[in-house]
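The values are calculated or read from the model by the stated rules, or taken from the named source; none is laboratory data. Please read these numbers as outputs of a predicted model, since none were measured by experiment. For neighbour counting, all protein chains shown are included, and Cβ atoms are generated from backbone atoms with ideal geometry for every residue, glycine included. Note: accessible area is taken over every heavy atom of the protein model, side chains too, but ligands, DNA and RNA are not part of it. Shrake-Rupley method; radii C 1.70, N 1.55, O 1.52, S 1.80 Å.
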Amino acid sequence: MKTTLLTTAAVMGLAAAASAQTVGFSQIGSESGWRAAETTLTRQQAEERGIDLRFSDAQQRQENQIAAIRSFVAQGVDAILLAPVVATGWDSVLEEAQEAEIPVVLLDRQVDSSEDLYLTAVGSDLVHEGEVAGQWLADTVGDQECRIVELQGTTGSSPAIDRATGFRNAIEGMDNLEIVRSQTGDFTRTGGKEVMESFLQAESGNEICALYAHNDDMALGAIQAITEAGMDPGEDILIVSIDAVPDIFQAMANGDANATVELTPNMAGPAFDALEAYWSDGTEPEKFIQTESTLYTQDDDPMAEYEARKDLGY
Ligand code: AHR
């Protein structure tokens, strides 16, 4: 942590400390249970801290996010939270926010822009998440032959890119493990179900040993597709995914899913902590505030994990 000369924005924030700070939040949409929980927790955190949160749902479209950021700049908010749907194409609008001296905090996904254009990014190590999932599968199958299918997240998003890379890093050099099909399910349950149905059809007669899904919602859709095809998810096809939403723990308790890597939906807590320090005396946070990535399996009392999360707005 370092304290630098106060920018005009921080000084204005200091002056306005007595009144409520205003924060614009450009959210991607509501494609997954995890995303819904992140929205709920951000609203809760803002309310608890007396922050006036202006929320904009982009319905998965980058152009809507860019328009929302421009509108927040025109409103003169004290900060902007951005969960960027894809990684590229943010330079101009981030420059506009910077010219207006409005700090931007990235939530849960990364951008390809220069890090000088945002105050900090709160999120997990997305490559590591994929590595944890891949390592779990490698350890579980040992030296058995395993044909893997992969449900990728939204094309061009940083979690889709990095979770694919991490998984491949973990299984690199293991000749018994092969990714035979890979397609986007757009992080949705419907997408996961439809793409899994097409995988099962295309692979009929060839055994699929495991599914790696870039999020739990796609895994849950795929579980439905596998069940409807007369197979036993979690047994006939091993299932590993990412997020740790309550429903995946229920599926794990039923034996339908095998493992998940947790991504906390509370990105707003560390984001608001960083902003409050910045507003109060200009303290600049680290450029990346990393959250934990914990692996859960069927051995970790899935129903207890379900109970611990079920009221968090998922
Ligand atoms: O960016 C985080 C990912 O986005 C979550 O894993 C997924 O569920 C969400 O839609």
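A compact table of results
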read-out: Residues within region 178-219 that are within 12 Å of the ligand (Cβ to nearest atom), part of a loop (DSSP other than H, G, I, E, B) and open to solvent by less than 60 Å² (accessible area, probe 1.4 Å), tallied; value: 5
read-out: Selection count where residues are closer than 20 Å to H214 by Cβ and of a type outside the set (S, T, N, Q), scope region 295-304; value: 2
read-out: Residues of region 268-283 that turn out to be open to solvent by 40 Å² or more (accessible area, probe 1.4 Å) and within 21 Å of the chain's Cα centre (by Cα), as a count; value: 1
read-out: Positions within region 118-135 being in a helix (DSSP H, G or I) and either among the hydroxyl-bearing types (S, T, Y) or open to solvent by 20 Å² or more (accessible area, probe 1.4 Å) (or both), in sequence order; value: V127, H128, E131, V132, Q135
read-out: Qualifying residue in region 222-232 (condition: within 16 Å of the ligand (Cβ to nearest atom) and closer than 30 Å to A83 by Cα); value: yes
read-out: Answer from E235, E286, E292 - the residue that is closer than 20 Å to I208 by Cα and either assigned to a loop (DSSP other than H, G, I, E, B) or open to solvent by 40 Å² or more (accessible area, probe 1.4 Å) (or both); value: E235
read-out: Test: residue in region 244-259 that is farther than 18 Å from R147 by Cβ and of a type in the set (D, E); value: yes
read-out: Per-region count, region 137-160, residues surrounded by fewer than 23 Cβ atoms within 10 Å (Cβ to Cβ) and more than 16 Å from the ligand (Cβ to nearest atom); value: 10
